[in-house]
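Coordinate-derived values only; no laboratory data. For clarity, every value in this text was computed on a predicted model and none was experimentally measured.
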């Protein structure tokens, strides 16, 4: 016999999942539930920290090898759109030179995600700004 409370919770969770898929698409919703790059990196070579007008904060951590980004991760206290945007920024930056990564902007992140609500696109630009801040920090350290 199924517990009515658990059944209700399952129904609510399914409705939330369906709404997320409608808003973000299947792939982006999957990224939100299981981001590949979510971690506070120990001993990063550089960090970019940006706070959006919405109040979300995104930190991008980078490690370099021969002037290429070989590892990236992020932390955010923000919404699902901030999570997927920061995750996408990390994905796009890995393996890139500083010059290549400096060209990554919010529209590149939106394009990779495929589907993001118009009122959440600012999160992609916030993630891009955090990445650019991390790159700037690295360049400053290099003199």
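Against the compact-protein benchmark of 2.2 N^0.38 Å, the Cα-based radius of gyration of the stretch 12-89 scales to 1.24. Over all pairs of different C-alpha atoms in the stretch 36-142, the reciprocal of the mean inverse distance, the Kirkwood hydrodynamic radius, equals 13.2 Å.
Quick one: check the C-alpha center-to-center distance for the stretch 95-137 versus the stretch 30-87, whole angstrom. Rounded to whole Å, the Cα centres lie 11 Å apart.
Find the percent of Cα-Cα distances in the stretch 1-42 that exceed 13 Å, and round it to a whole number. Beyond 13 Å sits 64 percent of the P(r) for the stretch 1-42. Estimated purely from DSSP H runs of n ≥ 4, each contributing -39500 (n - 2.57), the mean residue ellipticity at 222 nm for the chain is -17000 deg cm²/dmol once divided by its residues.
Sorted largest first, the principal axis extents computed over the alpha-carbon atoms of the stretch 51-109 equal 35, 21, 16 Å.
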